[in-house]
Structure formats: structure tokens, C-alpha cells
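Structure first, then comments.
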């Protein structure tokens with residue numbers, strides 16, 4: 001018998017993680033997580049502890065879904081996250097029951113729209129969103145490159161000076177938070193990030209415990225930044241030596257001057273110096289800054305696509 005029940009905070013973390021690990025193991029850009037890491041994620045400033053549901057089949061947890069409401073977002077836009085079914089139980093109606101439950105939950109909490117995602121290899125998930133009336137609104141790319149040959153003299157701004165961010169410096173964290181908001185205020189799904197979010201991301205991230213950030217300084221002004229990190233557990237599990245470009249931004253009036261190129265080359269060199277052989281990043285294909293062209297310029301290649309779907313739910 002199938003039962004959809006609400007997640008119990010402080011009691012269901014182990015079951016949630018077990019299902020998540022089984023459901024997401026096919027994605028080679030993810031790794032297995034543990035309950036302690038999950039609990040740290042629950043403490044992120046924007047995290048919505050409600051709206052989580054577990055599907056049980058004959059009392060065995062086989063599916064999860066999070067009808068997530070960003071507590072810091074003013075607009076009534078919500079998100080379906082951590083949606084997963086144990087592989088052998090897919091296609092028997094559990095997905096539909098979980099989505100129905102999530103949509104009902106979000107509508108009851110006053111949401112007007114909801115977004116969800118699907119990896120390009122998940123045709124079953126794409127069909128599911130289309131069945132529920134979701135429309136494709138955005139495409140994102142996962143990009144990758146080897147670090148054996150990092151280019152130089154490809155248009156990088158040589159007047160820019162890089163300054164390493166100090167995680168224990170309140171002033172540096174405030175500057176990063178300001179730059180992030182200024183650089184991304186025209187982007188898809190933007191909402192102002194808080195200083196508390198920046199602090200949590202840099203000091204308490206349970207996955208990228210090894211991360212370094214740099215400011216781009218031009219004529220004494222902070223004009224951009226980059227963050228690069230390494231998830232050591234991911235590398236051990238996947239038997240790889242891969243790093244990530246976590247974030248990069250350049251102020252609008254300083255773009256197209258080689259600053260982004262300088263930051264990217266520096267981030268890659270830092271990861272290579274730490275022994276990494278590959279680097280990955282994610283990018284919005286319709287990014288207003290045309291960031292994909294920058295990444296292609298420094299030899300990144302698209303390896304996967306993620307599709308973002310959206311649905312109005314206020315009149316369900």
C-alpha cells in the first residue's frame with residue numbers, strides 16, 4: 001500500500017538521505033550524502049523546513065519531494081526540489097502522487113507559480129512535467145574542461161589585480177555579498193542574497209569545504225570576483241580529481257574588458273595547483289552576460305543539459 005506522509009523534522013533525515021542517494025546515484029555530477037551534511041543544509045538561511053513529503057510503499061520509503069518556498073523571496077514563486085524515486089519503483093504512479101501532493105501544498109501556502117527541473121537524460125521526468133502542464137522556460141548547461149593545458153594571452157585583462165578573500169573578514173564577506181547582488185540582479189530567478197547566506201555558503205558549506213575566493217581589483221575598485229572549490233568526498237567516490245567554478249561575476253559597466261577571462265584563468269590555475277585534473281561549472285544558456293561564450297573561450301565544453309519547467313498554480 002502506498003502512503004504519502006509529511007516529513008518529520010529531526011526524525012526522518014536518515015530515510016530522506018537513503019532515498020535521495022538511491023534516486024540520484026545515476027547522476028555522475030553528484031555524490032552520496034549523509035544525514036549530518038543534510039542537517040547542515042537544513043540550516044541554510046533560505047531553507048524551507050516545511051513542504052517535504054516521503055512516499056512509503058508497504059512501509060518502505062521509496063520516494064521524496066520538497067515543495068520548497070524560499071523564505072527570503074518576496075514573490076510567490078516556489079520550487080520542487082529533491083524529487084526522487086528509488087529506481088525500481090519508478091513508473092508505477094508514485095511520481096504522480098508526490099507531484100500532486102507538492103502542488104496542493106504550495107497552493108495552500110499561497111504560491112502562484114512553481115518551478116521544477118529535469119536532466120536531459122530523464123525523458124520520463126520530462127514527460128511527467130509536461131503531463132502536469134509545466135512549460136519549458138529555461139535551459140542550463142553543465143560544462144567541463146581538462147586542466148592539463150590552461151591557456152594564456154586570450155584577452156585577459158592584465159591590469160587587474162587579484163586579491164584573495166579572507167573568510168574570517170566581515171568586510172570581505174560584505175563585499176562579496178554586495179558584488180554578487182550587483183552582478184546578478186538582471187539574471188533569471190534573481191532575488192537579493194543576504195549576508196547570512198554568503199556567510200553560510202563560505203563558512204559552513206557541507207560539500208565544498210575546500211574553497212577559495214578572489215576579488216578582481218581595477219584601479220583600486222572591486223569590479224568582480226570568482227569562487228572555486230573542491231568536494232573531496234565527491235572525488236574519492238567517483239575516483240576523479242575534479243574541481244568546480246562555484247561562482248563568478250563582473251560588474252556590468254566593467255564587462256567585455258577581459259576581467260572575466262582573467263578570473264577564469266586564475267580559478268583554473270588555483271584548482272590545478274591543488275592537483276585537480278578537470279573542472280566543471282553550471283551556466284544558464286540564456287545568461288544576460290552571455291557567460292557561455294566566456295567559458296567556451298577558455299575551452300569549456302557542454303557535457304549535459306538541465307531543463308527548467310514552470311507552471312502557474314494559483315488557479316488549480
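The values are calculated or read from the model by the stated rules, or taken from the named source; none is laboratory data. Small disclaimer: the values here were computed from a predicted structure and weren't measured. Neighbour counts run over all protein chains shown; Cβ positions are idealised from the backbone, glycine included.
Brief remarks on what is shown
- Condition broken by residue 18, with the remaining ones in (1) within 30 Å of residue 237 (Cβ to Cβ); (2) in a loop (DSSP other than H, G, I, E, B) satisfied: (2)
- Of everything listed in (1) more than 20 Å from the chain's Cα centre (by Cα); (2) touching a residue at least 60 places away in the same chain (Cβ under 8 Å); (3) over 18 Å from residue 245 (Cβ atoms), the single unmet condition for residue 150 is (3).
- Here the condition is being within 21 Å of the chain's Cα centre (by Cα) and not assigned by TED's automatic domain parsing to the domain that holds residue 204; of 12, 70, it holds for 70 alone.
- Taken over segment 286-316, the criterion of being surrounded by 17 or more Cβ atoms within 10 Å (Cβ to Cβ) and in a strand (DSSP E or B) is satisfied by 304, 306, 307, 308, 309, 310, 311.
- For segment 232-245, the count of residues that are at pLDDT 95 or above, buried (at least 22 other Cβ atoms within 10 Å of the Cβ) and either assigned by TED's automatic domain parsing to the domain that holds residue 32 or under 16 Å from residue 176 (Cα atoms) (or both) is nonzero.
- Counting only helices (runs of 4 or more DSSP H) that sit wholly inside segment 25-139, those with at least 3 residues that are more than 23 Å from residue 282 (Cβ to Cβ) and touching a residue at least 24 places away in the same chain (Cβ under 8 Å) are 94-108.
- Taken together, 279, 283 contain a single residue that is in a strand (DSSP E or B), more than 22 Å from residue 164 (Cβ to Cβ) and assigned by TED's automatic domain parsing to the domain that holds residue 165, which is 283.
- All conditions in (1) more than 21 Å from residue 88 (Cβ to Cβ); (2) touching a residue at least 24 places away in the same chain (Cβ under 8 Å); (3) exposed (fewer than 14 other Cβ atoms within 10 Å of the Cβ) hold for residue 7, with the sole exception of (3).
Yes or no, residue by residue, for (1) exposed (fewer than 15 other Cβ atoms within 10 Å of the Cβ); (2) in the same structural domain as residue 241 (by TED's automatic domain parsing); (3) under 23 Å from the mean Cα position of the chain (by Cα):
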{"site": "27", "(1), (2), (3)": "yes, no, yes"}
{"site": "36", "(1), (2), (3)": "yes, no, yes"}
{"site": "39", "(1), (2), (3)": "yes, no, yes"}
{"site": "54", "(1), (2), (3)": "no, no, yes"}
{"site": "78", "(1), (2), (3)": "no, no, yes"}
{"site": "89", "(1), (2), (3)": "no, no, no"}
{"site": "99", "(1), (2), (3)": "no, no, yes"}
{"site": "104", "(1), (2), (3)": "yes, no, no"}
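- Only residues that are crowded, with 17+ Cβ neighbours inside 10 Å and farther than 19 Å from residue 197 by Cβ were counted across segment 57-76, and they come to 6.
- A residue that is more than 18 Å from residue 268 (Cα to Cα) and surrounded by fewer than 17 Cβ atoms within 10 Å (Cβ to Cβ) cannot be found anywhere in segment 205-216.
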